[in-house]
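Report on the structure given below.
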Amino acid sequence: MQANIARVCKPARRAPADVTLIAVSKTHDAPAIQPLIDAGQRVFGENRVQEAQAKWPALREAHPDIELHLIGQLQSNKAEEAVALFDVIHSLDRPSLLTALARAMDKVGRRVPCFVQVNIGDEAQKGGCPISELPAFLAAVRAADVPLAGLMCIPPADTEAAPFFALLAKLAADHGLTGLSMGMSGDYETAVMLGATHVRVGSALFGQRGAARA
Ligand SMILES: *Cc1c(COP(=O)(O)O)cnc(C)c1O
């Protein structure tokens, strides 16, 4: 995986060290995760607060240098737990969640960098800030003193992802942001070519998740 990323970085004139591989371990238990930790992987992603709370504290006790990223949608009432557990949050997408996270960060005494998730394909059923509301929302994030890591997207399924990655990169550049969380198992190489700084890869590392929980 790291070798693939490095291979794609070369023609894109990017340094492999500028791309963080987030190993998405959702639905996988500690025995499945341990081999990756043993192989040196230190950055992991989960999409549910409760699931992460159940398995990561023990794993982290043995490896305090592990970095944990929340990549899934977050309910405002779980903001405090998320801020206490995660090192980076990729799903900040609405004013109510911004308020909850800012309050949680004050309370917990920890400022967690957040990517603003953009609804890049303008899909009604998907999370993410609408593109039209992005300038105002980014201004609100900056005003709230919540560390802004960059932009994140999940392109529409079953279509070529590249135009959506390119659009996210342009939006980030327009707003002076360098962090780009984009690319999953099927398209992380394309994402790296188009500037991803964080790729979120699950099944290509762990194998397919159980169909019922995927
Ligand atoms: C599950 C998930 C991933 C990883 O998906 P794979 O296709 O298994 O690599 C990436 N990002 C988000 C937001 C996810 O929920």
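Table for the structure above
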| item | result |
| --- | --- |
| Residue within segment 186-193 that is more than 13 Å from the ligand (Cβ to nearest atom), open to solvent by 60 Å² or more (accessible area, probe 1.4 Å) and more than 25 Å from Ser96 (Cα to Cα) present | yes |
| Flag for Gln2 being over 20 Å from Gly202 (Cβ atoms), of a type outside the set (Phe, Trp, Tyr), within 16 Å of the ligand (Cβ to nearest atom) and surrounded by fewer than 16 Cβ atoms within 10 Å (Cβ to Cβ) | no |
| Scan of segment 37-61 for residues that are over 23 Å from Ala79 (Cβ atoms), aliphatic (A, V, I, L, M) and free of Cβ contacts under 8 Å to residues at least 24 places away in the same chain, ordered by number | Ala39 |
| Conditions (1) in contact with a Phe, Trp or Tyr (Cβ under 9 Å, 6 or more places away or on another chain); (2) away from the ligand (no atom under 16 Å from the Cβ); (3) among the acidic types (Asp, Glu): number failed by Asp145 | (1) |
| Number of the condition not met by Leu97 [criteria: (1) without any contact (Cβ under 8 Å) to a residue 24 or more places away in the chain; (2) within 24 Å of Leu167 (Cβ to Cβ); (3) open to solvent by 20 Å² or more (accessible area, probe 1.4 Å)] | (3) |
| Within segment 103-214, helices (runs of 4 or more DSSP H) holding 2 or more residues that are β-branched (Val, Ile, Thr) | 188-193 |
| Positions within segment 56-77 being surrounded by fewer than 19 Cβ atoms within 10 Å (Cβ to Cβ), assigned to a helix (DSSP H, G or I) and of a type outside the set (Asp, Glu), in sequence order | Pro57, Ala58, Leu59, Arg60, Ala62, Ser76, Asn77 |
| Extreme residue, nearest to the chain's Cα centre (by Cα), among residues of segment 157-183 that are buried (at least 19 other Cβ atoms within 10 Å of the Cβ) and within 13 Å of the ligand (Cβ to nearest atom) | Ser181 |
| Enumeration of residues in segment 38-55 that are under 16 Å from the mean Cα position of the chain (by Cα) and either outside any loop (DSSP other than H, G, I, E, B) or closer than 23 Å to Lys126 by Cα (or both) | Val43, Phe44, Gly45, Glu46, Asn47, Arg48, Val49, Ala52 |
| Pair list, Cβ < 6 Å and 6+ apart or interchain, from segment 9-25 residues that are among the small types (Gly, Ala, Ser) to residues that are open to solvent by less than 10 Å² (accessible area, probe 1.4 Å) | Ala23/Phe44; Ser25/Ile33; Ser25/Phe44 |
| Residues located in segment 101-119, provided they are farther than 16 Å from Ile71 by Cα and open to solvent by less than 20 Å² (accessible area, probe 1.4 Å) | Ala102, Ala104, Met105 |
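The values are calculated or read from the model by the stated rules, or taken from the named source; none is laboratory data. Since we're looking at a predicted model, the values are computed, not measured. Positions of Cβ are backbone-derived with ideal geometry, glycine not excepted, and every protein chain shown enters the neighbour counts. Quick note on the areas: whole protein, heavy atoms, side chains included, nothing else; ligands and nucleic acids left out. Shrake-Rupley method; radii C 1.70, N 1.55, O 1.52, S 1.80 Å.
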